[in-house]
Every structure is written in structure tokens, then in C-alpha cells.
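K.L.:
After the C-alpha cells below, expect a handful of questions from me.
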Amino acid sequence: MDLILFGPPGAGKGTQAQRLLATYGTPQISTGDILRQAVKEGTRLGDQARPLMEAGQLVPDSLVIGIVEERLRRPDCRPGFVLDGFPRTVAQARALETMLGSLGRRIDRVLSLEVPLEVVVRRLSGRRSCPADGRVYHLTEAPPRNPGRCDACGTALVQRPDDAEEVVRARQTTYRRDTEPVKAFYAAQGLLREVDGQGSPDEVFERLRAVLG
Ligand code: AP5
């Protein structure tokens, strides 16, 4: 299965991609995670991406498309993959079509998580993550066993800089302007499936499984 998980910031794409990985073995390709890693390592890509991410804006298509192209060619993607946070512009969607075409593949489904604005704001303000292994928690919805510490490695949890209130607002504006049109692109191809993203992560996952059949 070659899948795209689509939805606004905080819709639960990363959370559900992890469940798809655990159930179907499909690797999660998160452009956000790849870019955050580049920022952490201080690479050239990270230096270019950091100010844009911190302002809630998109990193240029040319940079992100290159990252995904390289990632999709790795052997673990042969049986399938889950794209999380890509494509985010119609230009990225077209580039994805071209790169998959050259590999003799195409997207099977685009699963769009539908969550109202006030819910995503609540999810983002309570999100905490582990800087060591990237595990994601929520202060009330998915709290760690020991407050403020990663369940797996005990590292102190942090808040993502782009989860600050004013950056969340900018990310939502960017989403509406640049990313929402991608839905129409896939709807026109008959690939889009809208899934209710409210309720517990397990409930949302059951809905995704039902759509995947
Ligand atoms: P990225 O990391 O992709 O951020 P995003 O799309 O804004 O998505 P998030 O990671 O914020 O949310 P999510 O939907 O994964 O939700 P999560 O599962 O964590 O991108 C960051 C930045 O990188 C962008 O702004 C841009 O600058 C750049 N970038 C990335 N890709 C790019 C691209 N293709 N082109 C250009 N630039 C790009 O859940 C959120 C919280 O809610 C968590 O705390 C979780 O525990 C909780 N939660 C999840 N599900 C539920 C549930 N069902 N009930 C209750 N709580 C829940």
C-alpha cells in the first residue's frame, strides 16, 4: 500500500502513521521529522529549513521533493509506505506522481483526517515530544507514565518551537492557503477518503483500517 496521510497541523497524522507502521509494516515518511533532524544536526538543509519552520511557513518545494525522492528509493519502501506531511502543495503532489511513475508505482489512497480547528489547537498546545527518540505524547490525551519523561528512555520531554500559539496560527494559515488545494487534486483522481479524526487515537485507527479494507 502506497498511502498519504493528509490533514491540518495536529490532525494526528504522525500518531496514525505509527499505528499503520505497527500493523502493516509500512514505513512512515515524515518530511517534518526529516527536517527537524536536519535542524538538530545543523546541516545545510537544516539551516535553510529552520527559520521557515519556526515561522510556520513551508520549506521550498525543491528541497522537500529531493528529500522524498531519495527516501522512496530505499529498499524498505518497496512493499509500501505512508507519507506524513507530504505533499503539502499541488506542485509537490505533481512531483510525487512523476517520481512514483518512474518507479512504476502510484498512490493507492489519500486518507484525510478531518478534525475541527479548536480540536487541533488543543492537541498542539498539549503536545510534548522526546528529543532523543521522537516519541510523541500529549499532556492529557496521551500522557507519559512519569510526568515530563519519555516512557522509553526517560529523557525530559520538550515542546516543539512551532507549537507556540502564534506559530500554530501561522501554520494554519499556510495550511489553508497552500495545502488544502491538494485535497481537490486527489479527489479529482478518486483517491481521497475523508476520515473522522476525532475520538481516541484507537478509534481513529479503526476507521482508517475500515477504509483500507
Ligand atoms: P510537520 O512536522 O509535518 O507538522 P504538521 O503537518 O503541522 O503536523 P504535526 O506534526 O504538527 O501534527 P500531526 O498531524 O502529525 O499530529 P500528531 O500525531 O503529532 O511539519 C512541520 C514543519 O516542517 C512545517 O510547518 C513546514 O515548515 C515543514 N515541512 C514539513 N513537511 C513539509 C513539506 N512537505 N513541504 C514544505 N515544508 C514542510 O498529534 C498532535 C498531538 O495530538 C499529539 O500530542 C498527539 O498525542 C495528540 N493526538 C493525536 N491523535 C489524537 C487523538 N485522536 N485524540 C487526542 N489526541 C491526539
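The values are calculated or read from the model by the stated rules, or taken from the named source; none is laboratory data. What you see is a predicted model; the values in this text were computed from it and never measured. Every residue, glycine among them, receives a Cβ derived from its backbone with ideal geometry; neighbour counts consider all protein chains shown. Side chains included, ligands, DNA and RNA excluded: accessible areas come from the protein's heavy atoms. Shrake-Rupley method; radii C 1.70, N 1.55, O 1.52, S 1.80 Å.
K.L.:
For region 182-196, which positions are in a helix (DSSP H, G or I) and touching a residue at least 40 places away in the same chain (Cβ under 8 Å)? Give the steps one after another, and end with the answer.
P.N.:
First pass over region 182-196, keeping only residues in a helix (DSSP H, G or I): 182-187.
Once the filter is applied, which keeps residues that are in a helix (DSSP H, G or I) and touching a residue at least 40 places away in the same chain (Cβ under 8 Å), region 182-196 yields Val182, Lys183, Phe185, Tyr186.
K.L.:
Quick check: is even one residue across region 158-177 under 19 Å from the mean Cα position of the chain (by Cα), more than 9 Å from the ligand (Cβ to nearest atom) and assigned to a strand (DSSP E or B)?
P.N.:
yes
K.L.:
Shifting gears a bit: Before we move on, is Leu45 of a type outside the set (Val, Ile, Thr), out of contact with any Asp or Glu (no Cβ under 6 Å at 6 or more places or on another chain) and within 11 Å of the ligand (Cβ to nearest atom)?
P.N.:
On the way: of a type outside the set (Val, Ile, Thr): yes; out of contact with any Asp or Glu (no Cβ under 6 Å at 6 or more places or on another chain): yes; within 11 Å of the ligand (Cβ to nearest atom): no.
No; evaluated as a whole, the condition is false for this residue.
K.L.:
Being modelled with pLDDT of 95 or more, more than 14 Å from the ligand (Cβ to nearest atom) and on the phi < 0 side of the Ramachandran plot, is that true of even one residue in region 49-68?
P.N.:
For region 49-68, residues modelled with pLDDT of 95 or more, more than 14 Å from the ligand (Cβ to nearest atom) and on the phi < 0 side of the Ramachandran plot: absent.
Residues are listed down the side, and each one gets a yes or a no for (1) within 13 Å of the ligand (Cβ to nearest atom); (2) farther than 11 Å from Asp2 by Cβ:
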{"position": "Cys77", "(1), (2)": "no, no"}
{"position": "Gly85", "(1), (2)": "yes, yes"}
{"position": "Val90", "(1), (2)": "yes, yes"}
{"position": "Ala95", "(1), (2)": "yes, yes"}
{"position": "Thr98", "(1), (2)": "no, yes"}
{"position": "Gly101", "(1), (2)": "no, yes"}
{"position": "Ile107", "(1), (2)": "no, no"}
{"position": "Val110", "(1), (2)": "no, no"}
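K.L.:
I would also like to ask the following. Out of all the residues in region 197-213, which are farther than 15 Å from Gly10 by Cβ, in contact (Cβ under 8 Å) with a residue 60 or more places away in the chain and open to solvent by less than 80 Å² (accessible area, probe 1.4 Å)?
P.N.:
If the condition is that a residue be farther than 15 Å from Gly10 by Cβ, in contact (Cβ under 8 Å) with a residue 60 or more places away in the chain and open to solvent by less than 80 Å² (accessible area, probe 1.4 Å), then Phe205, Leu208, Val211, Leu212 are the ones that fit.
K.L.:
Looking only at region 121-135, which residues are near the ligand (Cβ under 10 Å from one of its atoms) and more than 16 Å from the chain's Cα centre (by Cα)?
P.N.:
Arg122, Ser125, Gly126
K.L.:
When the residues of region 183-213 are narrowed to those that are aliphatic (A, V, I, L, M) and within 14 Å of the ligand (Cβ to nearest atom), which ends up nearest to Phe6 (Cα to Cα)?
P.N.:
Filtering region 183-213 down to residues aliphatic (A, V, I, L, M) leaves 184, 187-188, 191-192, 195, 204, 208, 210-212.
Imposing the further condition that a residue be within 14 Å of the ligand (Cβ to nearest atom) reduces the set to 195, 204, 208.
On the way: Val195: 10, Val204: 14, Leu208: 12 Å.
Selected residue: Val195.
K.L.:
Got a number for residues in region 140-158 being modelled with pLDDT of 95 or more, aliphatic (A, V, I, L, M) and over 19 Å from Lys40 (Cα atoms)?
P.N.:
1
K.L.:
Related question: Hey, could you check region 150-179 for residues that are of a type in the set (D, E, K, R) and buried (at least 16 other Cβ atoms within 10 Å of the Cβ) and say which is nearest to Arg123 (Cα to Cα)?
P.N.:
If we filter region 150-179 for residues that are of a type in the set (D, E, K, R), which is where we start, we get 151, 160, 162-163, 165-166, 169, 171, 176-178.
Adding the requirement that they be buried (at least 16 other Cβ atoms within 10 Å of the Cβ) leaves 160, 162-163, 171, 178.
Values: Arg160: 12, Asp162: 13, Asp163: 10, Arg171: 14, Asp178: 22 Å.
Step by step, filter region 150-179, then rank; the result is Asp163.
K.L.:
Inside region 101-134, can you point out the residues that are of a type in the set (Ser, Thr, Tyr) and either under 18 Å from Ile29 (Cα atoms) or in contact (Cβ under 8 Å) with a residue 60 or more places away in the chain (or both)?
P.N.:
Once the filter is applied, which keeps residues that are of a type in the set (Ser, Thr, Tyr) and either under 18 Å from Ile29 (Cα atoms) or in contact (Cβ under 8 Å) with a residue 60 or more places away in the chain (or both), region 101-134 yields Ser112, Ser129.
K.L.:
Only one residue in Arg123, Arg128, Arg145, Arg109 is closer than 28 Å to Leu72 by Cα and either open to solvent by 40 Å² or more (accessible area, probe 1.4 Å) or polar (S, T, N, Q) (or both). Which one?
P.N.:
Working: Arg123 fails: closer than 28 Å to Leu72 by Cα; Arg128 fails: closer than 28 Å to Leu72 by Cα; Arg145 fails: closer than 28 Å to Leu72 by Cα.
Arg109 is the lone residue from the list that is closer than 28 Å to Leu72 by Cα and either open to solvent by 40 Å² or more (accessible area, probe 1.4 Å) or polar (S, T, N, Q) (or both).
K.L.:
Here is a further query. Take the residues of region 3-42 that are part of a loop (DSSP other than H, G, I, E, B) and open to solvent by 40 Å² or more (accessible area, probe 1.4 Å): which is farthest from the ligand (Cβ to nearest atom)? Please lay out each step first, then the result.
P.N.:
Within region 3-42, the subset part of a loop (DSSP other than H, G, I, E, B) is 7-12, 25-27, 42.
Now narrow it down to the ones that are open to solvent by 40 Å² or more (accessible area, probe 1.4 Å): 25, 42.
On the way: Gly25: 19, Gly42: 17 Å.
My answer is Gly25.
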